[in-house]
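Below: the structure, in structure tokens.
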Amino acid sequence: GKSLLIVTEEDVEAVVKPRCMAAGLDAKDFSVLAGLKADPNSRQPFLLDEHIASLRSALKERPEIKLLCIDPPTAFLSGKTDAYREQDVRMAITPLSELAAELKISVVMVVHLNKDKKSHGNSLTRFSGSMAWVSVPRASIMVIADERDRTLGPHQIDRYALTNKMNTAPNTVLHRQV
């Protein structure tokens, strides 16, 4: 299937598309949601907590899309939703979960880590904002850099994808990338 990316922090042409193509995707395999048409001449930003119905319509028009990636979801919240408040986040992303089940698509949300490296061994507390970013989804995968190993050089650090929550399988190291 194809992918729909909703991104804001990286330039689509200079960063997102080249990274997708470097990962082996063809440009026809993914598209980027640049906003919603407000009228024929303008767009308004997509807001996760306000525009689920519009997203549902767009995805129904493109049934070939099987993956939705939102990076980062906190950038797509209206001022009415507090990304650090459990109930607000649950109310914003639960409809997204229902949409994914209805349309049989997968959703990936890229939630950033906070700067607190003293989380007392609990990786779940390293995610920025409310715990709902981790507790509502079926799985939570953390990508971390092993900064202890500098033998690879200054710009080559081992990275690990670790499951810190998996409702359907045991937690494990998923992938190691240099």
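Here are a few things to note about the model shown:
- Residue check: Val108 meets all listed conditions (1) under 21 Å from Val143 (Cα atoms); (2) in a helix (DSSP H, G or I); (3) in contact with an Asp or Glu (Cβ under 9 Å, 6 or more places away or on another chain) but one, namely (2).
- Test: residue in segment 49-60 that is open to solvent by less than 70 Å² (accessible area, probe 1.4 Å), in contact with a Ser or Thr (Cβ under 7 Å, 6 or more places away or on another chain) and within 19 Å of Glu10 (Cβ to Cβ): no
- Of the criteria (1) at pLDDT 90 or above; (2) of a type outside the set (Lys, Arg); (3) surrounded by 17 or more Cβ atoms within 10 Å (Cβ to Cβ); (4) out of contact with any strand residue (DSSP E or B) (no Cβ under 8 Å at 6 or more places or on another chain), which one Glu102 fails: (3)
- Top-ranked residue in segment 15-38 [being open to solvent by 70 Å² or more (accessible area, probe 1.4 Å) and more than 16 Å from the chain's Cα centre (by Cα); ranked as nearest to Ser78 (Cα to Cα)]: Lys37
The values are calculated or read from the model by the stated rules, or taken from the named source; none is laboratory data. This one's a predicted model, so the numbers in the text were calculated from it and none came from an experiment. Glycine also receives a Cβ, built like all others from the backbone with ideal geometry; neighbour counts cover every protein chain displayed. Areas reflect the complete protein model, heavy atoms only, side chains present, ligands, DNA and RNA absent. Shrake-Rupley method; radii C 1.70, N 1.55, O 1.52, S 1.80 Å.
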